[in-house]
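A short worksheet on the structure shown next.
The values are calculated or read from the model by the stated rules, or taken from the named source; none is laboratory data. It should be emphasised that the depicted structure is a prediction, and the values quoted were computed from it without experimental measurement. Methodologically, a virtual Cβ is constructed for each residue, glycine included, from the backbone with ideal geometry; neighbour enumeration extends over all protein chains shown.
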Amino acid sequence: MSRYRTTGRFLLLCAVWGTAFMATDVGLADLPAVPFAAVRFDIAAALLFAAVFVSDADVYPRTMDDFVYVLVGGTLTIGAHHAFLFTGQQYVTGGVAAVLLGLVPVVTPALTRLVATDEQLTAATAVGVMLGFAGVVIIANPDPTNIADSVLGVSLVLASAFAFAVAAVVTHSRSPSLPFLSTQAWLMATGAVVLHVAVLVLPGQSFAAATWTPSALGALTYLSVVAGVGGFLLYFRLLDDLGPIEMSFIEYVIPVFAALAGWLVLGQEITPATVVGFAFILSGFLASKWRALRLRSVVVTTISSFTGPRDD
């Protein structure tokens with residue numbers, strides 16, 4: 001039952017973060033990118049700290065693991081990842097950015113092997129990563145000329161992917177003593193501070209350019225409460241259960257939900273390339289999980305042989 005529960009939570013997180021792309025598209029029509037992200041995590045941090053105080057949980061970091069987890073996770077997963085990503089998307093299309101973020105599962109295993117001895121990169125996992133990456137490329141359908149002409153944008157999005165991968169590996173190797181809710185509150189607050197600093201130093205980013213329309217406020221609410229608080233609470237729970245390599249596969253499932261949300265809400269077309277890409281993504285998961293699936297099949301067959309009807 002635990003395995004099915006974990007799978008359900010994984011798919012729920014993919015749905016939440018996939019639909020967040022649609023909400024971001026709605027908000028970016030009226031709000032500048034980095035200030036939009038900064039306010040999103042301001043709200044998320046405030047909500048989480050309110051929950052911490054109501055629950056009377058321990059709120060202050062005390063151990064070295066507490067501080068490393070909060071500073072690395074907040075600075076990289078929340079702050080740097082979103083600052084680099086949204087800034088990079090000023091120079092490259094969303095399709096190119098999606099392809100580049102698909103490199104997270106490629107970078108994560110290599111980084112994990114450097115710092116965590118309990119994680120292994122098998123041949124099946126490598127095949128799964130390649131198939132999944134191919135699916136992301138097919139779905140995004142990038143124009144190579146845009147990549148060549150937008151070196152700065154590509155570099156920023158790659159930095160976003162690298163920041164996310166490093167944070168997943170480093171935080172997975174730490175055991176904070178703080179209650180889970182308090183840890184996530186500090187992560188959001190740290191990331192919000194990083195994003196506000198980015199607003200000050202990055203060109204073309206200013207709160208003065210924001211237009212707070214009802215649709216922008218609705219998008220901000222969804223991204224703050226559902227994708228921010230709910231999504232990241234779920235993400236770090238799953239990261240503890242699955243590890244950084246398996247969790248990195250989320251980058252291959254999110255586009256499925258992003259495409260469906262864009263089609264249902266914004267009328268964005270689902271092309272044949274999208275369907276083919278989904279097939280590659282599914283193949284990647286099957287390849288990476290083939291050993292576990294086969295082992296499960298053997299176990300079920302063995303149990304059935306002992307519990308099934310007998311002729312003697």
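Give the range 209-227 a look and list any residue that's over 21 Å from the mean Cα position of the chain (by Cα) and under 18 Å from Ala83 (Cα atoms), or say none.
Our first condition is that a residue be over 21 Å from the mean Cα position of the chain (by Cα); within the range 209-227, this holds for 209-218.
Once the filter is applied, which keeps residues that are over 21 Å from the mean Cα position of the chain (by Cα) and under 18 Å from Ala83 (Cα atoms), the range 209-227 yields Ala209, Ala210.
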(request) Looking only at the range 241-278, count how many residues are part of a loop (DSSP other than H, G, I, E, B) and closer than 30 Å to Arg174 by Cα. (result) 3
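Per-residue answers, yes or no, for (1) farther than 30 Å from Leu47 by Cα; (2) modelled with pLDDT under 80; (3) of a type in the set (Phe, Trp, Tyr); (4) touching a strand residue (DSSP E or B) at 6+ places or on another chain (Cβ under 9 Å):
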{"site": "Ala126", "(1), (2), (3), (4)": "yes, yes, no, no"}
{"site": "Ile138", "(1), (2), (3), (4)": "yes, yes, no, no"}
{"site": "Pro142", "(1), (2), (3), (4)": "yes, yes, no, no"}
{"site": "Ala161", "(1), (2), (3), (4)": "no, no, no, no"}
{"site": "Val169", "(1), (2), (3), (4)": "no, yes, no, no"}
{"site": "Leu195", "(1), (2), (3), (4)": "no, no, no, no"}
(request) Kindly indicate the residue of the range 197-213 that is of a type in the set (Val, Ile, Thr) and part of a helix (DSSP H, G or I) and also surrounded by the most Cβ atoms within 10 Å (Cβ to Cβ) among those meeting that condition. (result) Val199
(request) Please find, among Ala219, Ala227, the residue that is touching a Gly at 6+ places or on another chain (Cβ under 9 Å), part of a helix (DSSP H, G or I) and closer than 30 Å to Thr6 by Cβ. (result) Ala219
(request) Scan the range 261-281 and give yes if some residue there is surrounded by 15 or more Cβ atoms within 10 Å (Cβ to Cβ), among the small types (Gly, Ala, Ser) and either modelled with pLDDT of 80 or more or under 30 Å from Leu71 (Cβ atoms) (or both), otherwise no. (result) yes
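Among the listed residues Ala80, Ala33, identify the single one that is at pLDDT 90 or above and crowded, with 21+ Cβ neighbours inside 10 Å.
Details: Ala33 fails: at pLDDT 90 or above.
When all the criteria are applied, what remains is Ala80.
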(request) Filter the range 157-183 down to residues that are within 15 Å of the chain's Cα centre (by Cα) and farther than 22 Å from Phe86 by Cα and give me whichever is surrounded by the most Cβ atoms within 10 Å (Cβ to Cβ). (result) Val169
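Looking at Val52, Val107, Val59, which is the one that is out of contact with any Gly (no Cβ under 9 Å at 6 or more places or on another chain), β-branched (Val, Ile, Thr) and modelled with pLDDT of 85 or more?
Values: Val107 fails: modelled with pLDDT of 85 or more; Val59 fails: modelled with pLDDT of 85 or more.
Every option except Val52 fails the conditions.
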(message) With closer than 21 Å to Thr87 by Cα, among the β-branched types (Val, Ile, Thr) and in contact with a Leu (Cβ under 9 Å, 6 or more places away or on another chain) as the only criterion, which of Ile250, Ile281, Ile254 stands out?
(response) Ile254
(message) closer than 15 Å to Gly191 by Cα and either in contact with a helix residue (DSSP H, G or I) (Cβ under 8 Å, 6 or more places away or on another chain) or modelled with pLDDT of 85 or more (or both): which single residue out of Leu11, Leu28, Leu71 fits that description?
(response) Leu71
(request) Please determine, by comparing only the residues of the range 1-58 that are among the charged types (D, E, K, R), without any contact (Cβ under 8 Å) to a residue 12 or more places away in the chain and not in a loop (DSSP other than H, G, I, E, B), which one is farthest from Phe236 (Cα to Cα). (result) Arg3
